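So the structure is just underneath, and the comments pick up after that.
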Amino acid sequence: MLSALVVADDLTGAMDTGHEFAARGHPTTVAVGADGARPEEGVLVVNTDSRYLPSEEAREAVERVVRDAPARTVYKKVDSTLRGNLVAEIEGALDASGADTALVAPAFPAGGRLTACGYHLVEGALVTDTAAGQDPEKPVTSAHLPTLLEGGAHAVGHVGVETVASGTEAVADVVRETDETILACDAVHDDHLAALGRGARLAEREVVYVGSAGLASALELADEPDSGTAGDGGGGLAAAEPESTGDGTRVLGIAGSASPTTLDQLRAVGDDRIVGLDGIRAAVDPATAADDAVERAFEVLDEEGTVVVASVLEEEDVDRALRAGRDAGVDPATVRERVADSLALVATRSWERDPPDGLFVTGGAVAGRVFDALGATGVRLTGEAVEAGVPVGRVLDGTAAGTRVVTKAGAFGGGRTIAKCLTRLGGSDDR
């Protein structure tokens, strides 16, 4: 039986949460797609790609995975900015597992995500006042976590900061005695997440753990390796400022996020290592846009050793692509699909032409497209990370089998995170 099953709603989230187990010595495989890799032991992370599905479809996807992959621990990974089908997917995990309680703690202090007095904050701002509150498909409608989790079939309770700060025993008492099935938990420090994870274990109830990479870092599994460092919040992170290997490796980056965070990080990479995908062309002819981007990308690779192909370099690029689609009779959803398809084609064309030695992808939906286009069914996480929430792995199979890969959620990281990722993969020095 699996030590743990992690069910995530997007691929970058699957990777960063799985890393927290890999970093403590658990063999961890991230399955890519519905027919992805399925190990019989260790930790399996499955991406249902359900963040933007209709809620009932998202629920069914989670239920199917939980029923098909028996595990000692079930972990429902949710977005650290609360986007997606939170209630539907939590209830799906509860019902399929038969658990008594869902312990919900989306905080990730190392990434600036905190929950205090029930309110969820991102870098000090209410989550509703961030990009997540303006999400074009599923905006976060309330920053108050207990309120956001209401409306389903299960009663919702709140575990306040005064309880989690009191430690393991206090949390265990609440989990043991509560009449509510879903517990929305405060956490503003890694120690609070550790108290939640250990307290739920001590309560000796069947619990589905619901959180981001933060709670995963604090959750000790039944077969935790003796050398594990569960609860330290770091997950065995590598140096924050990695040095280039200097071995002349060639690194391809693909950026499919329009997040302001990603745009800032791309500026830090430098214009000489960035190639913009022509979104206007991609809206009507994805293949031609990809071919053009690959030609320009290989010119940069030959000169710099590192290149990032990005679909958005300025906020206005999204509107330009949507207008081009509208003029051609293409609806906005299809335009977004075509841009993602074009980025995936950049990856396949690159491996057909001259396979790069390393791959970086940001944007969960695009990462899934890229792996699928390369024929990959899974990624084996190494336990290394560039920084908190940014894991390193190797592609298991397909065209890019064995390639070192780093993925990152679009809205995650600091100003130089992408530059550090490229350097860690062996590209040009982080400038």
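Assuming charge only on the beta carbon of Lys and Arg (+1) and of Asp and Glu (-1), the dipole of the chain about its Cα centre is about 280 debye to the nearest 20. Reported to the nearest whole Å, the Cα centre-to-centre distance from the stretch 294-313 to the stretch 102-118 is 37. In the stretch 1-90, one over the average inverse separation of all distinct C-alpha pairs is 12.8 Å, which is the Kirkwood hydrodynamic radius.
Give the shape of the stretch 339-384 as rounded, prolate or oblate, defined through the alpha-carbon gyration tensor: a ≥ b ≥ c are the square roots of its eigenvalues, a/c under 1.5 means rounded, and otherwise the shape is prolate if a/b is larger than b/c and oblate if not. Verdict is oblate for the stretch 339-384.
Starting from the Cα gyration tensor of the stretch 71-203, take the square roots of the eigenvalues, sort them a ≥ b ≥ c, and report rounded, prolate or oblate (rounded when a/c is under 1.5, otherwise prolate if a/b is larger than b/c, else oblate). Oblate is the answer for the stretch 71-203, as a/c is 1.5 or above yet b/c matches or exceeds a/b.
Taking Cα atoms only, the orientation of helix 364-373 departs from the longest principal axis of the chain by about 60 degrees.
Using the Karplus relation 6.51 cos²θ - 1.76 cosθ + 1.60 with θ = phi - 60°, the per-residue 3J(HN,Hα) values for the stretch 211-219 come to x, 9, 5, x, 5, 4, 5, 9, 8 Hz, with x marking Gly and Pro. For the chain, the longest principal axis of the C-alpha atoms and the axis of helix 332-353 are separated by about 70°. Counted residue by residue at 0.36 nm each, then reduced by the alpha carbon distance between them, the extension gain from Arg72 to Thr382 reaches 109.4 nm. Here the Karplus relation 6.51 cos²θ - 1.76 cosθ + 1.60, evaluated at θ = phi - 60°, turns the backbone of the stretch 390-404 into coupling constants of 10, x, 10, x, 10, 5, 6, 7, x, 4, 9, 3, x, 6, 5 Hz, with x for every Gly and Pro. Residue-normalised convex hull volume from the C-alpha trace of the chain: 122 Å³ per residue. Give the carbon-plus-sulfur fraction of the accessible surface of the chain in %, rounded to a whole number; probe 1.4 Å, heavy atoms of protein chains only. The C+S portion of the solvent-accessible surface of the chain is 45 percent.
In this label model, Glu123 and Glu57 are separated by 3.2 nm, measuring between points 7 Å along each Cα→Cβ vector. Between Ala310 and Ala255, Val275, Gly276, Leu277, the built amide H atoms are under 5 Å apart, and every one of these is 5 or more places off in sequence or on another chain. Distance between the 7 Å Cα→Cβ label points at Glu206 and Asp179: 2.3 nm. For the stretch 1-40, what class follows from the C-alpha gyration tensor (a ≥ b ≥ c being the square roots of its eigenvalues): rounded when a/c is under 1.5, otherwise prolate if a/b is larger than b/c, else oblate? In terms of gyration-tensor shape, oblate.
FRET efficiency for the pair Asp331 and Glu299, taken as 1/(1 + (r/R0)^6) with r the Cβ-Cβ distance and R0 = 41 Å, rounds to 0.75. Principal-axis analysis of the Cα atoms of the chain puts helix 316-327 at an angle of about 70° to the longest axis. Counting only DSSP beta bridges with both residues in the stretch 16-132, the antiparallel share comes to about 65 percent.
The values are calculated or read from the model by the stated rules, or taken from the named source; none is laboratory data. Predicted model only: the values in this text are computed from it and were never measured. Here Cβ is always computed from backbone atoms with ideal geometry, including for glycine, and neighbour counts include all displayed protein chains. Surface areas here come from the heavy atoms of the whole protein model, side chains and all, with no ligands, DNA or RNA. Shrake-Rupley method; radii C 1.70, N 1.55, O 1.52, S 1.80 Å.
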